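The values are calculated or read from the model by the stated rules, or taken from the named source; none is laboratory data. Note that the structure is a prediction, hence the values are computed from the model and not measured. Note that each Cβ is placed from the backbone with ideal geometry, even for glycine, and that neighbours are counted across all protein chains shown.
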Amino acid sequence: MSRRHRWATVATGLALLTAYGAGTLLLNAQAATSTQTQTDKAGDANTQFDANGNPTATVANEPRADVLSASASYQPGAIVLSAKVANPVDPRTDATWKTTDTAISWFIDTTGDKQYEYHILWGVDDNGALYSDVMAKADDNTPICTGAGQGATPSLGADGSYVVTVNPACFGNPSSFYWGGRSEFGNDGSQIIDRFPDDTQPPNNYFGPITLGGSTPPPTTPGTGGGGGTPPPGPTPTTTAPRPLVAAPVASNQGFWLLGKDGGVFSLGTAPFYGSVGNIPLGKQIVAMAAKPDSSGYWFVDSTGEIYVYRAPFWGSMAGVPLTKPIVGMAATPSGNGYWLVATDGGIFAFGDARFYGSTGAIRLNKPIVGMAATPSGHGYWLVASDGGIFAFGDAPFYGSTGAIALNQPIVGMAATPTGHGYWFVASDGGIFAFGDAPFFGSAVSDDSIPIAGMAATKNGYGYRVARVDGRVVPYGNAAAGSGLAGGLRAPVVGIVTAF
């Protein structure tokens, strides 16, 4: 299907309101919550509508359009909406999705005026890529807030549900909203529609209200990249007692994600899949990934500093800002309410509650920066260069480096111990270098010619995994055994991140 929006032949939004209901909200009838899941009657995707939104016939139930449940959540930086149908399919490979006007629509009221203000459309375009557009009611054919992370990001849930993550700034950062939606299966003029909620008459035709959960997003504090500058004042570093290390393997060590250069995400073990852009042509190189501390969402970033969010708050990006050097790494804060980006010159860009503690952006480096890791307190970070040189900022201690050692192969990544009193490097040949209280459990140096993409420590620090660019993974210590991916990839793996 083309990215032509439904009901485009109808002047104003009248037909949308007719097909969906008069737009009145169920005000003050439901308790406010930051997350809401609603079930929908099964077997009711059996009404066909014309191009004006009028019912024309009763047909056999279409399970690919039959909505069984829908959910909405609102956390700092992210509104996440989902819909699950009786027979979920991948729209990118389903013939009807690809050749008709099939889509999922959500309608959002942010003011409580009994009218929707925003329409979100989720579908697959003529190139076979998922898309999601946000339109304002005043012009339901023109997307607003365009750009990855700026408006809406489409994804497929692990259970086959259709998911969209919206930057609340696109809606004006409302304190709450009401919501509803519908599946639209087939071509305009003969579409099967299943609404959620089913009732099209006021006051029962919207769910909600959904209110902002968590804390108010802290202000963005960009750091400097490639040119020094005066960093904003940071909080006084605090001493954090080391967390005890557990020697036995635990459940938290059984899952991890692999990130592809094309934005493909591979979930292994207990790591949930929240979405990716692996099938969306970007024309950009994805370089790094970070996960929320509880593994309930993740971010990744491309070399231009554009951020891609999946069930994680959006705190800002460098998209559209000229960079001296490309972005090469990122790290999340312990709260999950911020992240840092690092460029190859060591320029640091801080967003959310991530504070700027210093950079090498104004220092001439012997070798480029290839990665970073944050301290457990969130009041500091390390940068590592390809020669193993370490640059410590904030409360990040220096425990040693390989900057003065001739390496067989360059360093490609690092990981910190849970105590913050040590770290590991990994080289492209699989060599592991351990410093501070980081235990050495083995290295991946072998006759294998496939280079290493990166490493990730287990949650308790008594193990780590080393990932090759072809997706194969070698575990050490208490990292659960597992070989990662097998077979050909469309793009090489660029990173690995530990989940639960």
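Below is a table of values for the structure above.
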read-out	value
Residues that are in a loop (DSSP other than H, G, I, E, B) and either touching a Lys or Arg at 6+ places or on another chain (Cβ under 8 Å) or at pLDDT 90 or above (or both), drawn from the range 94-121	Asp94, Thr100, Asp101, Thr102, Thr110, Gln115, Tyr116, Glu117
Flag if Asp447 is surrounded by fewer than 21 Cβ atoms within 10 Å (Cβ to Cβ) and touching a residue at least 12 places away in the same chain (Cβ under 8 Å)	no
Only listed residue being at pLDDT 95 or above and in a loop (DSSP other than H, G, I, E, B), chosen from Gly442, Gly403, Gly371, Gly378	Gly378
Residue check for Ile363: farther than 24 Å from Gly436 by Cα and of a type in the set (A, V, I, L, M)	yes
Number of positions in the range 445-483 that are in a strand (DSSP E or B) and in contact with a Pro (Cβ under 9 Å, 6 or more places away or on another chain)	8
Evaluation of Asp429 against (1) surrounded by 23 or more Cβ atoms within 10 Å (Cβ to Cβ); (2) more than 20 Å from Pro293 (Cβ to Cβ) (one fails), failing number	(1)
Elements of type strands (runs of 3 or more DSSP E) in the range 308-363, at least 2 residues being within 15 Å of the chain's Cα centre (by Cα)	327-332, 338-343
Failed condition for Gly172, given (1) of a type in the set (Gly, Ala, Ser); (2) farther than 23 Å from Phe300 by Cα; (3) within 22 Å of the chain's Cα centre (by Cα); (4) buried (at least 17 other Cβ atoms within 10 Å of the Cβ)	(4)
When residues of the range 395-421 are limited to those that are touching a Phe, Trp or Tyr at 6+ places or on another chain (Cβ under 7 Å) and buried (at least 20 other Cβ atoms within 10 Å of the Cβ), the one nearest to Ala354 (Cα to Cα)	Ala396
